[in-house]
Amino acid sequence: MTIRFAAIGINHDHINGQVNCLLTENAEFVAFFATEDDLAADFATRYPQAKRVDDPRRILDDPAIDLVVSAAIPAERAGIAEAAMRAGKDVMLDKPGMTTMDQLEHLRRVQAETGRILSILYSEHFENRATVKAGELVKAGAIGRVVSTAGFGPHRIRKAERPAWFFERDRYGGILVDIASHQFEQFLFFADAGDAEILSARVANRAHPDRPGLQDTGDAHLVAGDVTGFIRVDWFTPDGLPVWGDGRLFITGTEGAIELRKYVDVAGRPGGDHLFLTDRRGVSHIDCSNEPLPYGRQLIADIRDRTQTAMPQAHCFKAMELALRAQSIAEGGAAR
């Protein structure tokens with residue numbers, strides 16, 4: 001059985017990772033819908049096998065399409081996911097999968113009612129080979145029991161290149177929802193936890209007064225059982241860095257520690273996917289650039305077999321719930 005998929009909404013470049021992880025596993029990309037002609041032209045050149053359609057219903061009403069992927073404007077993703085699930089499709093969203101708590105709870109109900117798969121591709125985990133390798137090492141007991149994690153997600157802003165919605169709080173969801181959902185997901189994963197408590201959270205606009213809707217920095221402190229976590233994200237990657245951000249993850253265990261330099265080893269080894277393991281035997285560097293990325297293969301198997309091997313459904317939703325809770329705490333209001 002060949003899985004056939006289509007895209008609705010291509011506003012974020014993450015759509016390319018979503019599509020490619022499926023194409024690598026021999027899924028068939030058949031159609032896409034986008035309202036923006038400039039984005040559609042570039043996308044069609046990259047993926048000529050997919051036909052551009054003029055109405056998303058042409059995708060939703062096609063019984064031969066199994067999966068809908070979307071990297072639409074963040075505030076619009078929940079509506080696309082609901083429509084797809086009610087049309088009998090499984091769904092893979094870019095993060096954030098939703099921008100309000102109401103959207104989250106609604107999608108939880110729709111997913112339960114329809115029995116469809118709703119997966120969020122947290123790319124800093126599932127498309128990062130060093131993170132996948134770290135998961136294998138932690139599961140194997142390489143650093144003992146996890147005690148704490150610290151995740152850092154700096155990004156380059158490229159302000160002149162960004163669309164208007166990027167600076168509108170209600171459309172992108174706030175910095176802890178938009179960026180830090182990656183780090184919340186990784187905390188749950190490495191803590192092997194089903195839930196967590198947000199101890200503190202902050203957001204601010206420190207350097208962009210001309211864009212009052214932008215939050216350019218945010219942090220959060222959380223705990224799950226006896227595992228603590230710290231998260232910091234920002235839009236302050238300097239132009240001199242050769243990649244978009246020096247994403248880092250520190251995992252401390254009772255018998256060792258892991259540090260990930262996901263995208264660059266500053267002034268050191270070339271390329272990304274660097275893992276440093278420290279244990280009783282010493283310090284070692286593991287080049288993870290050839291490690292497999294199983295998410296696409298697992299998701300395709302889940303669609304065929306109705307299983308949850310790529311990502312448990314509860315875990316998918318809980319990561320976004322934590323991000324939304326932290327965003328609400330940071331903004332000093334009720335959950336939105």
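Odds and ends about this structure:
- Residue among GLU331, GLU321, GLU291 that alone is of a type in the set (Asp, Glu) and under 20 Å from VAL110 (Cα atoms): GLU321
- Residue, nearest to HIS12 (Cα to Cα), within segment 194-215, restricted to residues that are crowded, with 19+ Cβ neighbours inside 10 Å and under 19 Å from the mean Cα position of the chain (by Cα): GLN215
- Top-ranked residue of segment 165-182 - restricted to ones that are of a type outside the set (Asp, Glu) and not in a helix (DSSP H, G or I), ranked as surrounded by the most Cβ atoms within 10 Å (Cβ to Cβ): ALA180
- Some residue of segment 253-272 being surrounded by 12 or more Cβ atoms within 10 Å (Cβ to Cβ), in contact (Cβ under 8 Å) with a residue 24 or more places away in the chain and assigned to a helix (DSSP H, G or I): no
Condition check ((1) within 16 Å of ARG171 (Cβ to Cβ); (2) charged (D, E, K, R); (3) assigned by TED's automatic domain parsing to the domain that holds ALA164) across all residues:
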site: GLU28; (1), (2), (3): no, yes, no
site: LEU60; (1), (2), (3): no, no, no
site: ALA83; (1), (2), (3): no, no, no
site: GLN103; (1), (2), (3): yes, no, no
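- For segment 218-252, the set of residues classified as farther than 20 Å from ASN128 by Cα and charged (D, E, K, R) consists of ASP219, ASP226, ASP239, listed by residue number.
- Tabulated pairs, segment 170-186, first polar (S, T, N, Q), second assigned to a loop (DSSP other than H, G, I, E, B), C-beta under 9 angstrom, 6+ apart or interchain: SER181/LYS95; SER181/PRO96; SER181/GLY97; SER181/TYR122; SER181/GLY173; GLN186/TYR122
- With respect to the conditions (1) surrounded by 14 or more Cβ atoms within 10 Å (Cβ to Cβ); (2) out of contact with any Lys or Arg (no Cβ under 9 Å at 6 or more places or on another chain); (3) not hydroxyl-bearing (Ser, Thr, Tyr), GLY225 lacks only one, and its number is (1).
- Number of residues in segment 265-288 that are at pLDDT below 95 and either among the aliphatic types (A, V, I, L, M) or in contact with a His (Cβ under 9 Å, 6 or more places away or on another chain) (or both) equals 5.
- Test result for ASP55, among the acidic types (Asp, Glu) and more than 23 Å from ALA164 (Cα to Cα): yes
- Within segment 142-164, considering residues that are touching a Phe, Trp or Tyr at 6+ places or on another chain (Cβ under 9 Å), in a loop (DSSP other than H, G, I, E, B) and of a type outside the set (D, E, K, R), the one nearest to PHE187 (Cα to Cα): HIS155
- Complete set of residues in segment 75-128 that are under 24 Å from ASN16 (Cβ atoms), in a loop (DSSP other than H, G, I, E, B) and either small (Gly, Ala, Ser) or modelled with pLDDT under 95 (or both): GLY97
- Criterion (aliphatic (A, V, I, L, M) and within 21 Å of PHE250 (Cα to Cα)) met by exactly one of ALA314, ALA310, ALA301, ALA319: ALA319
- Residues (in a loop (DSSP other than H, G, I, E, B) and either free of Cβ contacts under 8 Å to residues at least 12 places away in the same chain or closer than 12 Å to ALA87 by Cβ (or both)) located in segment 25-53: THR35, PRO48
The values are calculated or read from the model by the stated rules, or taken from the named source; none is laboratory data. Owing to the predicted nature of the structure, the values given are computational and were not obtained by experimental measurement. Quick reminder, even Gly has a Cβ in these numbers, built from the backbone with ideal geometry, and neighbours come from all protein chains shown.
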